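Some notes on the structure that comes next.
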Amino acid sequence: MPNTISAIRRARRVKKQTFVNKIRKSKYKSIIKEISLLVSAKKKKEAIKLLPKFNSQLIKVSKSGVIKKKTASRKISRITKKINKL
């Protein structure tokens, strides 16, 4: 248990940040799952439509620090390659 007032405030703040980060991570994982299903089902048109949203979501998540910038970039690159191969 935090003893000082500043530590109590900090604990409250960390709790809120953790909650927000969980939401961001969940959105990130769900968009990856969604586009992966489209690629594995060979639905090129739907995947191409979802690609801008996918890119946007990954960039947002990497800006907030939930995942690293290079990880987001790598995932975008690999998914784009897979879509182009279809």
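The values are calculated or read from the model by the stated rules, or taken from the named source; none is laboratory data. The shown structure was predicted, so the numbers you read here are calculated from the model rather than taken from an experiment. Because the Cβ atoms are built from the backbone with ideal geometry, glycine has one as well, and the counts that use them run over all protein chains shown. The protein model used for the area step is the full one, side chains on, heavy atoms only, and it has no ligands, DNA or RNA in it. Shrake-Rupley method; radii C 1.70, N 1.55, O 1.52, S 1.80 Å.
For the chain, what is the calculated [θ] at 222 nm in deg cm²/dmol (nearest 500), taking -39500 (n - 2.57) for each run of four or more DSSP H residues and dividing by its residue count?
Details: 3 runs with 74 residues, N = 86.
The helix-only estimate for the chain comes to -30500 deg cm²/dmol at 222 nm.
The fraction of accessible area contributed by carbon and sulfur in the chain is 56 percent, rounded to a whole number (1.4 Å probe; ligands and nucleic acids excluded).
Keeping every protein chain present and rolling a 1.4 Å probe, give me the accessible area per residue for the range 4-86 in Å². Provide the component values of the computation, followed by the final result.
Working: 6550 Å² over 83 residues.
Per residue, the range 4-86 has 79 Å² of solvent-accessible surface.
Here the Debye sum runs over all C-alpha atoms of the chain as equal scatterers in vacuum, and log10 of I(q)/I(0) at q = 0.17 Å⁻¹ comes out as -0.70. Over 19 Å between Cα atoms, which of LYS27/LYS75; LYS45/LYS68; LYS43/LYS68 qualify? LYS45/LYS68; LYS43/LYS68, as the Cα separations exceed 19 Å there. Take the Cβ atoms of ARG12 and LYS33, set R0 to 35 Å, and the FRET efficiency comes out at 0.60. In the Gaussian network model of the chain, springs joining C-alpha atoms below 10 Å, which of LYS69, LYS49, LYS60 carries the largest mean-square fluctuation? Taking springs between Cα atoms under 10 Å, the residue moving most is LYS49. Fully extending the segment from SER73 to SER26 would add 15.1 nm, taking 0.36 nm per residue of separation and subtracting the current Cα-Cα distance. Under the convention that each Lys and Arg Cβ holds +1 and each Asp and Glu Cβ holds -1, the size of the dipole of the chain around its Cα centre is about 120 debye.
Using a Gaussian network model of the chain in which every pair of alpha carbons under 10 angstrom is joined by a spring, one finds that among ALA11, ALA41, ALA72 the greatest mean-square fluctuation is at ALA11.
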